[in-house]
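See below for the structure under consideration.
The values are calculated or read from the model by the stated rules, or taken from the named source; none is laboratory data. Because the structure is predicted, anything quoted here is derived from the model rather than measured. Cβ placement follows ideal geometry from the backbone for every residue including glycine, while neighbour counts extend to all protein chains displayed. Remember, those area values only see protein heavy atoms, side chains included, never the ligands or the DNA or RNA. Shrake-Rupley method; radii C 1.70, N 1.55, O 1.52, S 1.80 Å.
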Amino acid sequence: QQRLTAGEKGKLNFNARYLFDAPAANLPYEVMLSLLPRDYTHPKWEAFVFGDPQLKIENESTLIASGALSDQGKGETDIKTKNWRPPSMLDLQLRIGVMEDGGRWVYKTHVIPYYPTATMVGIESPSRTPSIGQKTPFRVVTVNPDGSPSKGAKLHAVLSKIIYRTLL
């Protein structure tokens, strides 16, 4: 699986082999899923920031599968995404462990990028500090995860004025 977006399902196929290439038949396995937030970047859009820094997500780790490998040392599990709301995007870190006959766990990690939406919205920082009563131009872009401009994406934006006052 190259990447996943919100609500998509993926499948992880894996196999285990001994040192001299014999299949690790019927050995116990487990698959842990960890969510690692990261910023979406793309060389074509270096000046743009994608995401909302006010959103927070915990680095959670969850056991998503366990069982025994097949006679050929193969296993598989479904990857079910939730509607996680990270600041920008996530890396889904899948840690696959197989227990050897002697009781030692051997792990391999596989990472799949997760995009909270099919298109990413980026805002280019203004070239100067905004001032009251002055126009401040800035650009907004919607792109697909591969960095290509998204076609037909609709964007609705609201600019708000926030005023802080201290009352004594």
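When Pro87 is tested against (1) exposed (fewer than 15 other Cβ atoms within 10 Å of the Cβ); (2) part of a loop (DSSP other than H, G, I, E, B); (3) under 19 Å from the mean Cα position of the chain (by Cα); (4) not aromatic (Phe, Trp, Tyr), only condition (1) is not met.
Could you tell me which of the residues Ile112, Ile96 is over 19 Å from Ala16 (Cβ atoms), hydrophobic (A, V, I, L, M, F, W, C), within 20 Å of the chain's Cα centre (by Cα) and in a strand (DSSP E or B)?
So the residue among Ile112, Ile96 that is over 19 Å from Ala16 (Cβ atoms), hydrophobic (A, V, I, L, M, F, W, C), within 20 Å of the chain's Cα centre (by Cα) and in a strand (DSSP E or B) is Ile112.
Residues of the stretch 1-16 that are surrounded by 14 or more Cβ atoms within 10 Å (Cβ to Cβ) and among the charged types (D, E, K, R): Arg3, Glu8. Where strands (runs of 3 or more DSSP E) fall entirely within the stretch 1-64, those with at least 3 residues that are more than 17 Å from Ala118 (Cα to Cα) and touching a residue at least 12 places away in the same chain (Cβ under 8 Å) are at 9-15, 28-38. Take Gly103 and tell me if it is assigned to a loop (DSSP other than H, G, I, E, B), under 30 Å from Ala16 (Cα atoms) and of a type outside the set (Ser, Thr, Tyr). Yes, satisfied. When the criteria are applied in full, Thr136 fails the requirement of being over 16 Å from Trp45 (Cα atoms), open to solvent by 100 Å² or more (accessible area, probe 1.4 Å), among the β-branched types (Val, Ile, Thr) and assigned to a loop (DSSP other than H, G, I, E, B).
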